[in-house]
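Have a look at the structure below, then the notes.
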Amino acid sequence: MTAVHLCIEGTKGAGKTTTITAVRAALEREGWVVEAHALFHEGNDWAKGQGYEGGVPMMESAAEPNERIARWLIERARVVRDAFFARHADTERPALLSSDRGWITLHAYLYEGAWAKDPSARDAIDALWQRSVRDAPTTVFVHTPPAVSAQRRQGALDAVSGLQTEERLRADYERRRRVAREHPERVVRSWETGTGPYRDLAPEVVSIVKGMQKERG
């Protein structure tokens, strides 16, 4: 059977983690092996081990730690991907690596962080971004308006990955949507989850995953 890799990206509070959990449960009921990878959670743990508070402070505090975490995130994503495909190269069961955020979120670490303020770093940053896009897996994108994100977090914007103001939350929302639109070759589907009844995206994502497996097989 064939192993596949899908990244679920999106804006703050759109329901990425809820969707990932539901997709995993659905596929495992059908006998799939599903591995979930939260790259930026790992990045926060790594940053703390370096003596920093976490991923976002490393991004914003100074150019050197910003560059360190950006390079670490890119390399870690590659290592996890390669190890997954190696483990399941000869598997008899279908397998999915489900990434909770990835290359679209990384864009902020490269272009919105302290490192990006150094003009001499632009060529290196551009090269890393091109590498990230080139290596990006098939991606689905879930977005929700900033007002909904804040409402879902009960106004606790400091809990939304360091975005302490409504202005920053909106800027982050616009940037992620723009990056997703600019790379239709990577983003195969996009949904908006708004203020209406909860929409379960898992069946549609499962269908995409099965289509990927069929194409690869």
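Observations
- Partner aspartates and glutamates whose Cα lies under 17 Å from the Cα of Lys117, excluding those fewer than 8 positions away in the same chain, are identified as Glu60, Glu64, Glu67, Asp126.
- Loop-located GluC sites (Glu not before Pro) in segment 1-96 (DSSP state other than H, G, I, E, B) with a sparse environment of at most 16 neighbouring Cβ atoms within 10 Å: Glu30, Glu53, Glu92.
- The Cα center of segment 121-139 and the Cα center of segment 42-104 differ in position by 14 Å.
- Residues Glu42 and Lys117, FRET efficiency given R0 of 41 Å [Cβ-Cβ distance, rounded to 0.05]: 0.95
- Cα-based equivalent ellipsoid, segment 1-90: semi-axes from gyration tensor eigenvalues, Å: 29, 17, 10
- In order along segment 206-217, the phi-based Karplus estimate (6.51 cos²θ - 1.76 cosθ + 1.60, θ = phi - 60°) of 3J(HN,Hα) comes to 4, 4, 4, 4, 5, x, 4, 5, 5, 4, 6, x Hz; Gly and Pro are listed as x.
- A Förster distance of 30 Å, applied to the separation of the beta-carbon atoms of Ala147 and Glu64, puts the FRET efficiency at 0.25.
- Amide H contacts of His143 (H built 1.01 Å from N, under 5 Å, at least 5 apart or other chain): Thr11, Trp191, Glu192, Thr193
- A simple spin-label model places the labels of Ala89 and Asp126 3.7 nm from each other, with each point 7 Å out along Cα-to-Cβ.
- For the chain, pairs of C-alpha atoms spaced more than 31 angstrom apart make up 20 percent of the total.
- Mean residue ellipticity at 222 nm, helices only, the chain: -17500 deg cm²/dmol; runs of at least 4 DSSP H residues each add -39,500 (n - 2.57), and the sum is divided by the number of residues.
- Within-14-Å neighbourhood charge of Ala121 [Cβ basis; K, R +1; D, E -1]: -2
- Positive-end residue of Ala124, Trp32, Met59, charge dipole of segment 20-150 with Cβ unit charges: Trp32
Every read-out reported here was derived from the displayed coordinates using simple, explicitly stated rules and does not represent laboratory data. Here the structure is a predicted model, which means the values were calculated and not measured. With ideal geometry, Cβ positions are generated from the backbone for all residues, glycine too; neighbour counts draw on all protein chains shown.
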